[in-house]
Amino acid sequence: MHSVNVIDTVVFHNFKALRNTSLHLSLFNLVIGPNGSGKTSLIQALQQLRTLSQFPLGNDMIHTRSGGPEISFTFSAPYSAVVAQLGCASDLACDFMRVESRDAAAWLKVKSRLATLRSYVLDHNAMAQSSAPVDSTALASNGSNLAAVLAARRRDAPEAFARLEAELLRLLPEFTGIVLDEESDQRVRFSLGIDGAGEPVRAENLSQGVFYLLGLLVLSFDPKPPAVVCIEEIDRGIHPRMLREVRDVLYRLSYPASFGEKREPVQVIATTHSPYMLDQFRDHPDEIVITQKIGHEARFERLSDRADLPELLRDGTLGDMWFSGVLGGVPEER
Amino acid sequence: MKVALLSESPADEAVLRVLVDAILGEPAKITPAGFRARGWPNVLQVLPAVIRHLHFNTDVDTLVVTCDSDDSPVHTEAHEAPQYYHPHCRMCQLRAVFRQTSKRFPTAHGRLKIRRVVGVAVPALEAWLLCGRDSDVSEAAWINGQQAGRLPYTRAELKFRIYQTERPSLPHEIECALRETERHRSDLRRLEYDFPGFAALMKDLKSPAQT
Ligand SMILES: [Zn+2]
């Protein structure tokens, strides 16, 4: 059967705090846990996989090394026979990859999907800048080319742009439209229109949450999105009552059919520190990954693997349970 | 009547607005911003503060609270006996919070107490929405299932029947919920008969004010 996931499992050996742990990735994954527990390391590992997968495969024998950090990946059907193993000289630099596959064509397919993988740590200051129209098809990892991406989207995919804009205005009804201006140096700047005769609000005067929401919408309404998207801190700057909408913006990526989209699902790995965001996943505990850190060692757990989950949900919301420590995934205190 | 709502989601609140108007037979003055709880037991936790706030800081006279029963024990006729209190029944628990919170309130804004209106949807609001459409969905069917140890449907199934997906967008959820609510707007009798947790809400809402 053709699965909609790209990456099926990740196994870590001595990669930062991830000494010896594995994780099965679902189509949608919300990773929670204390700082330094491996949420970012997981995303870095995926980025390393993307980078190394695009180089020609080297000679295994020369590069095989023992004792250093290792990360291995398996992929979802029909590519489940492919195993990619990364070896790292240090925590920061994985420098070789070995692929085990009986089927070279399968690896090429996996490789082409991995090439599109993107990861994001959006930065509202960077997103407020005007941007040059070059290289504007994909949003940069900090969102710095937001204005140019919006302009390109409006030009190349006007229908998708219109839907993005309509969704933004539904979520933030104080605005009336996205205004894009090309400056004399050809850089693109955006502002948001407001009701009445007022001047549009220039990007630098918008609040942080507006940028993050706009960034997520640009990803979610991309007519040709990457196969895998990693996004850190998806709740940042957003009012807690709006988190259901943020969840839905991301669900649109992974479950396009539920949102009237006619494209392939995107595998999403997102992180949050918000208990209120966690509350939004009460009906889908299989989508929650908890990183546990004990001493210098961290490991992953799926919330749905907890046998006592129904009892826990009777006693409190998921967010409350997480904060209390019952779910784990809390900072250590001394 | 000036009504405030406390519910678990914007979709629940949209349905509640229609049902309150339908019960009263005329558009009530419902405060535009509803109070929101993050599911059970958060409803129970915020309710005292909402009651106090409404009593002392506003001229609202009625607070409508609804929640899903999930897999908790269902409020039955036996619970209505004087002095009876079931510690795990959500109807009993919410009513007790009203009672305890406003026990020693002085008169404020011309009323002694905020009118208590509590409804519990068994097992979830989607069951009310399916009432009269899917004949297998009723409070009795759920209670029979609980007793037999074989539930007739799950919350997730009820949601899927209405939204056709396990992950509806909020606008889709509200649109579907309001479409199903239309059936009840002109005739509430089926909902009242099949869902005592809704009938209790109706009865509370029609009760005389305590001045
Ligand atoms: Zn009861």
Inset, instruction - List the number of the failed condition for A:Gln47; all other conditions in (1) surrounded by fewer than 18 Cβ atoms within 10 Å (Cβ to Cβ); (2) at pLDDT 90 or above; (3) in a loop (DSSP other than H, G, I, E, B) hold. - result: (3)
Inset, instruction - Would you point out which residue out of B:Arg183, B:Arg190, B:Arg179, B:Arg161 is touching a His at 6+ places or on another chain (Cβ under 9 Å) and part of a helix (DSSP H, G or I)? - result: B:Arg190
Legend entry - Qualifying position, being in contact (Cβ under 8 Å) with a residue 40 or more places away in the chain, assigned to a strand (DSSP E or B) and more than 16 Å from the ligand (Cβ to nearest atom), among B:Val20, B:Val120, B:Val64, B:Val60: B:Val64
Inset, instruction - Report yes if some residue within the stretch B:150-163 is surrounded by 19 or more Cβ atoms within 10 Å (Cβ to Cβ), under 25 Å from A:Ser258 (Cβ atoms), without any contact (Cβ under 8 Å) to a residue 24 or more places away in the chain and within 14 Å of chain A (Cβ to nearest Cβ); otherwise report no. - result: yes
Legend entry - Set B:Asp136, B:Asp204: member being in contact (Cβ under 8 Å) with a residue 12 or more places away in the chain and not in a helix (DSSP H, G or I): B:Asp136
Inset, instruction - Looking only at the stretch B:106-113, decide whether some residue is away from the ligand (no atom under 13 Å from the Cβ), surrounded by fewer than 19 Cβ atoms within 10 Å (Cβ to Cβ), on the phi > 0 side of the Ramachandran plot and away from chain A (no Cβ under 14 Å). - result: yes
Inset, instruction - Out of B:His172, B:His184, report the one residue that is crowded, with 18+ Cβ neighbours inside 10 Å, at pLDDT 95 or above and within 14 Å of chain A (Cβ to nearest Cβ). - result: B:His172
Inset, instruction - Return only the number of the condition from (1) of a type in the set (S, T, N, Q); (2) crowded, with 19+ Cβ neighbours inside 10 Å; (3) over 25 Å from A:Ser258 (Cα atoms) that A:Ser220 does not satisfy. - result: (3)
Inset, instruction - Scan the stretch B:82-95 for residues that are away from chain A (no Cβ under 14 Å) and near the ligand (Cβ under 10 Å from one of its atoms) and jot them down. - result: B:Tyr84, B:Tyr85, B:His86, B:Met91, B:Cys92, B:Leu94, B:Arg95
Inset, instruction - Kindly state which strands (runs of 3 or more DSSP E) lie completely within the stretch A:235-334 and contain at least 1 residues that are over 24 Å from B:Pro168 (Cα atoms), modelled with pLDDT of 95 or more and in the same structural domain as A:Leu42 (by TED's automatic domain parsing). - result: A:288-294, A:297-302
Legend entry - Positions within the stretch B:96-105 being more than 10 Å from the ligand (Cβ to nearest atom), assigned to a helix (DSSP H, G or I) and either within 14 Å of another protein chain (Cβ to nearest Cβ) or among the hydrophobic types (A, V, I, L, M, F, W, C) (or both), in sequence order: B:Val97, B:Phe98
Inset, instruction - Assess whether A:Asp279 counts as being surrounded by fewer than 18 Cβ atoms within 10 Å (Cβ to Cβ) and more than 30 Å from A:Val110 (Cβ to Cβ). - result: no
Legend entry - Pairs, first under 26 Å from A:Arg282 (Cβ atoms) and in a loop (DSSP other than H, G, I, E, B) in the stretch B:70-82, second within 8 Å of the ligand (Cβ to nearest atom) and of a type in the set (A, V, I, L, M, F, W, C), C-beta under 6 Å, six or more apart: B:Pro73/B:Cys89; B:His75/B:Cys89; B:His75/B:Met91
Legend entry - B:His86 being touching a Pro at 6+ places or on another chain (Cβ under 9 Å) and closer than 25 Å to A:Asp320 by Cα: yes
Legend entry - Which numbered condition B:Ala49 fails, given (1) within 16 Å of the ligand (Cβ to nearest atom); (2) more than 13 Å from the chain's Cα centre (by Cα); (3) in a helix (DSSP H, G or I): (1)
Legend entry - Number of the condition not met by B:Ala37 [criteria: (1) more than 10 Å from every other protein chain (Cβ to nearest Cβ); (2) touching a helix residue (DSSP H, G or I) at 6+ places or on another chain (Cβ under 7 Å); (3) surrounded by 20 or more Cβ atoms within 10 Å (Cβ to Cβ)]: (1)
Inset, instruction - Tally the residues that are of a type in the set (S, T, N, Q) and more than 8 Å from the ligand (Cβ to nearest atom), restricting the search to the stretch B:69-81. - result: 2
Legend entry - Filter pass, B:Val122 being farther than 22 Å from B:Glu80 by Cα, modelled with pLDDT of 95 or more, crowded, with 20+ Cβ neighbours inside 10 Å and among the β-branched types (Val, Ile, Thr): no
Inset, instruction - Might you check whether a residue that is closer than 24 Å to A:Glu233 by Cβ, aromatic (Phe, Trp, Tyr) and in contact with a strand residue (DSSP E or B) (Cβ under 8 Å, 6 or more places away or on another chain) occurs anywhere in the stretch A:106-115? - result: no
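The values are calculated or read from the model by the stated rules, or taken from the named source; none is laboratory data. Note that the coordinates shown come from a computational prediction; the quantities given were computed from them, not determined experimentally. Neighbour counts run over all protein chains shown; Cβ positions are idealised from the backbone, glycine included.
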